[in-house]
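Asks: To start, I am sharing the structure in question, which I have written as structure tokens.
The values are calculated or read from the model by the stated rules, or taken from the named source; none is laboratory data. Being a predicted model, the structure only gives us computed values, none of them experimental. Ideal geometry is used to build each Cβ from the backbone, glycine not excepted, and the neighbour counts take in all protein chains shown. Surface accessibility is based on the protein's heavy atoms, side chains included, excluding ligands, DNA and RNA. Shrake-Rupley method; radii C 1.70, N 1.55, O 1.52, S 1.80 Å.
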Amino acid sequence: MHPTHPTATPSEASEPNHPTHPTATPITIDPEFQALLPALDKETYARLEENLLQNGCRDALVVWGDILIDGHNRYSICTRHSIPFTTVSMDFDSREAALIWIISTQVARRNLTPLQLSHYRGLHYKADKKIQGTNNQYTVKSESRQNDDKQKVQRTVTRLSEQYRVSPKTIERDAKTAQAIDAIGDASPEAKRMILSGEVTINKKDLQELLTKSPEQIAQIAANIEGGTYDKDAAMLFSSPTPGPEGLTVPGLSAPSGPGSAPPTATAKARTQALGAALKTITADFQKDWYACAGSYNTAGMKAALRIHIDRLEDCYQTNANW
């Protein structure tokens, strides 16, 4: 049974323990916590190993009770080479609180891809819902309780959208993306790793559509990913996109042309104009944030501006994907 303690935020770490040698205190590796750590490529892992061998382990590993929650790569290298390390303890009142801390730490620390960020935001949303008690499908709830749960969920969506600076709809879609990636992972952890590492490309729309598939189809997709045949077989497993409105060419936004082509409908024109206005606003906001940070050489701010820009473009695409 996992330890339970009062909740801690990332800044509420307890006082560090005394220096600990790898053999002095047993440390438990939790597979779910370990899976939250993005896999390092071979070159990056080799550089980390070389650094630890030359300079020792200067940063403390973070534990919850005896469970390692941060520093898995360092722990692996230190135990293999008998490099001494220290630990610092943190207390959480639930497993979900520990998950949220790990997620927040990874997002703040790493230069993540849009899909990795989406996955983390979705996992954060799922854990937060469970803490709020709104994720138990087996409990019979009154109408008033259901309404209360909906309000809690909406507050969670709003808070996370503000924290990550994306739209509420993006958070809701991230939850589906994370659910789909984890469904792939249940069938094949290696396929999940390949998706999150970018070794295989699956867009978010296809990932979310995966949730409508049977377990057998999901297992087949996972097998195709792991076997390197996903690109060849994907068209057979995912349904065709919904045709767009009459008079609008799909894909693309250009009006149909050629002999006998019907002119675009008023609806198509209005939606195209609205999309153009939205893209103009997104681009203007990005340029404003980018140049404000670039002027002071704030590289962290520039990266954040770029991430937000990508997410807003993805949100815009998802909203209009079925034209």
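Asks: If I filter the range 140-148 for residues that are under 29 Å from Lys303 (Cβ atoms), in a helix (DSSP H, G or I) and at pLDDT below 90, do I get at least one hit?
Replies: no
Asks: Of all the residues that make up the range 156-189, how many are under 20 Å from His309 (Cα atoms) and either among the small types (Gly, Ala, Ser) or in a loop (DSSP other than H, G, I, E, B) (or both)?
Replies: 5
Table: residues versus (1) modelled with pLDDT under 75; (2) among the small types (Gly, Ala, Ser); (3) open to solvent by less than 80 Å² (accessible area, probe 1.4 Å).
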{"site": "Ala262", "(1), (2), (3)": "yes, yes, yes"}
{"site": "Arg271", "(1), (2), (3)": "yes, no, no"}
{"site": "Ala277", "(1), (2), (3)": "no, yes, yes"}
{"site": "Gln287", "(1), (2), (3)": "no, no, no"}
{"site": "Tyr291", "(1), (2), (3)": "no, no, no"}
{"site": "Tyr297", "(1), (2), (3)": "yes, no, no"}
{"site": "Met302", "(1), (2), (3)": "no, no, yes"}
{"site": "Ile308", "(1), (2), (3)": "no, no, yes"}
{"site": "Leu313", "(1), (2), (3)": "no, no, yes"}
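Asks: Are any residues in the range 105-123 open to solvent by 30 Å² or more (accessible area, probe 1.4 Å) and out of contact with any helix residue (DSSP H, G or I) (no Cβ under 7 Å at 6 or more places or on another chain), and if so, which ones?
Replies: Ala108, Arg109, Arg110, Thr113
Asks: Please pick out the residue among Asp41, Asp66, Asp59 that is over 21 Å from Asp128 (Cβ atoms), surrounded by fewer than 19 Cβ atoms within 10 Å (Cβ to Cβ) and in contact with a strand residue (DSSP E or B) (Cβ under 7 Å, 6 or more places away or on another chain).
Replies: Details: Asp41 fails: in contact with a strand residue (DSSP E or B) (Cβ under 7 Å, 6 or more places away or on another chain); Asp59 fails: in contact with a strand residue (DSSP E or B) (Cβ under 7 Å, 6 or more places away or on another chain).
Residue meeting the stated conditions: Asp66.
Asks: On to the next question. Within the range 206-230, can you find the residues that are of a type in the set (Gly, Ala, Ser) and assigned to a helix (DSSP H, G or I)?
Replies: Ala219, Ala222, Ala223, Gly227
Asks: Still on this structure, I have one more. Do any residues in the range 213-225 that are under 17 Å from Thr177 (Cα atoms) have Cβ atoms under 7 Å from those of residues that are assigned to a helix (DSSP H, G or I) and open to solvent by 50 Å² or more (accessible area, probe 1.4 Å), where the two are at least six apart or on different chains, and which pairs are they?
Replies: Ile218/Ala187; Ala219/Ala187; Ala222/Ala187
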